[in-house]
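Remarks on the structure that follows.
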Amino acid sequence: MQGSIPGPWDHDPSRRQTPNNWATQSCQFSSGDQLSPWPTYTSGQTILHNRKPCSYDYRKRAGSWLKQPLGITKPRYLERLENYLRKELLLLDLSTDSTQELRLQPYREIFEFFIEDFKTYKPLLSSIKNAYEVMLAHQREKIRALEPLKAKLVTVNEDCNERILAMRAEERYEISMLKREKMNLLKLIDKKNEEKISLQSEVSKLRKNLAEEYLRYLSERDARKILIADLNELRYQREDMSLAQSPGIWGEDPVKLTLALKMARQDLTRTQMELNTMKANFGDVVPRRDFEMQEKTNKELQEQLDSLRGDYEEVCKEHEILLQLHMTTLKERDQFHSELQEIQRTSTPRPDWSKCEDVVAGGPDRWQMLAEGKNSDQLVDVLLEEIGEGLLREKDFFPALGYGEDIPPLLRFDGLVENKKPTKKDVVNLLKDAWKLRLVEEQKEKFPDFFFSFLEHRFGPGEAMAWAYTIFENIKLFRSNEVMSQFYAVLMGKRSESVYIKQKETVAQLLKEMTNADSQNEGLITMENLSTVLKSTFPFKKEEKIQELMEAGGWHPNSSNADLINYPSLFIEDEEGQSMPFVQKLWEQYVDEKDEYLQELKQELGLELRDEVTLPKVREALMNIDPGLDKQTLNGYLSGAFQVPRTELPEEGEEKEDGIVVQLKIALERLQMTDIRRMGSREQEPAS
């Protein structure tokens, strides 16, 4: 066969049958053979030439090789192989991992040249080559199968790191709070001790003043008694003298007057003795007003002392509890530290996401825009979407899913379906047009049937199935896109379309309220107006939720109420349907509030997820957690939870205990799909 090189024993049957003589006979070919007599012990580089060794030029010069002396000149066949391999390897950039797979191609081609030229050994060499190819393919599959596990390990490692950091931060915060509280309590104890010492010194001072006043009063009493006695004596002497000088002035009997005077003096003496006795007995007695005042002060001080004693005992107990909590926290910290070391020892390192800059279309700038504000899990989703988008572009056809019952009606088809390859912007615009048409129609047919009819009307019956599969594959891939993810959830029956409609109505109502607050029609309102509009539109939102919406709208701690905000910019969307942070935060709060509402309903029922629940119990629980529910909204929730038409729901008080029953888990999942939200505060009176 022209163009092939015969094997070293193709012309000598005796040599083909004695492989033990291969080494000794490698240099003894006849002139008809086309192999150069190159010794096996000669060293050299096995690199190919650009020109293939099986070319005609090679065969033309093969005969001249036998004429060259052994061990002096390298065979031209080997030189061509070396040159060929060298040039092929120079064309490859071996500095990156992406070309490591391609570096085997030149060696594979050289091996194929050997297989083609050595016909005698072609089966053996082919089997060797196939065995290596099978093993390489097996190793590739193994590596591809381990990629998800690697990503999962990265995610688990990141979650563990986040949990550990969060627990450390919480621990530091609790320790700082406990230390601060301890210092405050110690200061309070010192302050109370100082007040106690001050009161004791004041009491001792008052006692000293009281003793001094008592002594002063005693001396004044004695002096008063002496003064009264002297005055009485002087008065008696004056009366005696006046009687002696004018005995007839009274016109009465002197004996009678003398007797009367004597009796009066006796009464005066007795009265003076009684007065002295009373003064002696009650000289140490303080006035009642002072006594009551001192008693009141003493009672208040006693109450303060008892209160401080109780506070001190409580502080001691809290201190012991804090010590126990501190010891427990230290143990948990040591345990988490050991777990962290174990995780760091066994887990894979964090991925270097900067490597994706050269892979993602758009370069570093687009990757920075995609990766901004996302964690590793979200970055994996973004990277998968970018990879999936490239693979989706390469597909020309989709295999149909068939006619199974679990297949959505608009996708039931057999055979191959053409991939229309629209851009993300085209898909988003198409979905928005479908929503607009859905909102103006009466919504008689189910949403999948409506969407297929929309595609038939838009692209014709012949292209509707191809567009249905194309749209389905796109919205299934781009889960991070708001419009696509919500449309996918409604299309697959995982969410009621009323959720989307109510969210759009809420956003429209909020924009209308802001427009009404803009009296100048300049598209600007103050931060105070924004807060007022949010509180009036969402009266049951907590203050921190309103604060989050304010921050998403552009408010920051240094802002004043008079700062202006361009409110129309809060509601705009980019070309791919992504909303601004304000609308995204509004949707996140709606999802969180729905989860809290359903969790509160589950706690009110007091049942496990696997338990069954009746319609009357759910009705009662809903009225307890949300008294502001009106009858129509309540029946809507019950209809969605028990899958019963509103017209067939029994009236309140007419339900039977063994009537409509459903598992609690299923009921909560059904309510999760519908538009359910709080209609009033829990303390509100039930609506009539």
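The values are calculated or read from the model by the stated rules, or taken from the named source; none is laboratory data. The structure displayed is predicted, hence computed values, not measured ones. Heads up, the Cβs are rebuilt from the backbone with ideal geometry, glycines too, and the neighbour counts pull from every protein chain shown. Note: areas computed on protein heavy atoms with side chains; ligands, DNA, RNA excluded. Shrake-Rupley method; radii C 1.70, N 1.55, O 1.52, S 1.80 Å.
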Which entries of Lys152/Lys541; Lys424/Lys665; Lys542/Lys602 have Cα-Cα distances beyond 27 Å here?
Lys152/Lys541; Lys424/Lys665
Inter-site label distance for Gln105 and Val255 at 7 Å from Cα along Cβ, in nm:
16.9
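For the stretch 420-536, what does the convex hull of the Cα positions come to per residue, in cubic angstrom? Write down the numbers at each step before the final one.
Values: hull volume 17.0 nm³, N = 117.
Taking only Cα atoms, the stretch 420-536 has a hull volume of 145 Å³ per residue.
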Burial order of peptide ranges 671-681, 183-193 (average beta-carbon count within 10 Å, highest first)
671-681, 183-193
Any idea of the accessible area per residue across the stretch 147-244, 1.4 Å probe, to the nearest Å²?
82
Return the long-range amide H neighbours of Glu418 (sequence gap of 5 or more, or a different chain), with a cut-off of under 5 Å between placed amide H atoms.
Phe398
Going 7 Å from the Cα of Asp381 in the Cα-to-Cβ direction, what parts of the stretch 458-493 have a backbone nitrogen less than 14 Å from that spot?
476-489
Within 13 Å, Cβ to Cβ, of Lys296, how many net charges do the neighbouring residues add up to if Lys/Arg are +1 and Asp/Glu are -1?
-2
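Once fully extended, how much extra length lies between Ser176 and Gln139, figured as 0.36 nm per residue of separation less the alpha-carbon to alpha-carbon distance?
7.9 nm
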Taking amide H atoms as placed 1.01 Å from N in the peptide plane, list the residues 5 or more away in sequence, or in a different chain, whose amide H sits under 5 Å from that of Val662.
Val613
Can you list residues whose amide H is under 5 Å from Thr674's amide H, if they're 5+ apart or on another chain and H is modeled 1.01 Å from N?
Ser496
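What is the gain in length, in nm to one decimal, between Cys316 and Leu188 on full extension, counting 0.36 nm per residue of separation less the C-alpha to C-alpha distance? Show your work: numbers first, answer last.
On the way: separation 128, 0.36 × 128 = 46.08 nm, distance 1.30 nm.
So the extension gain works out to 44.8 nm.
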Under 14 Å Cα-Cα from Lys545, which aspartates and glutamates qualify once same-chain neighbours fewer than 8 residues away are excluded?
Glu588, Asp592, Glu593, Glu596
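For the peptides 121-128, 200-207, what is the packing order when you average, over each peptide's residues, the other Cβ atoms within 10 Å and list the highest mean first?
On the way: 121-128: 13.0, 200-207: 11.1.
Result, highest mean Cβ count within 10 Å first: 121-128, 200-207.
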Candidate lysines for bridging to Lys279, where Cα separation is under 18 Å - those fewer than 8 sequence places away on the same chain excluded
Lys225
Compute the separation of the alpha-carbon centres of the stretch 561-592 and the stretch 370-435 and state it in Å as a whole number.
26
Among the lysines, which have Cα under 28 Å from the Cα of Lys87 when same-chain residues fewer than 8 positions away are ignored?
Lys52, Lys60, Lys74, Lys119, Lys122, Lys129
Based on the mean of other beta carbon atoms within 10 Å per residue, what is the order of 621-631, 564-574, 468-478, most packed first?
468-478, 621-631, 564-574
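Given a 1.4 angstrom probe, I'd like the percentage of the accessible area of the stretch 473-586 that is carbon and sulfur, rounded to a whole number.
Details: 2770 of 5770 Å².
That share works out to 48 percent.
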In whole Hz and in residue order, list the ³J(HN,Hα) couplings for the stretch 293-310 that follow from phi through the Karplus curve 6.51 cos²θ - 1.76 cosθ + 1.60, θ = phi - 60°; x for Gly and Pro.
5, 5, 5, 5, 4, 5, 5, 4, 5, 5, 5, 4, 5, 5, 5, 5, 5, x
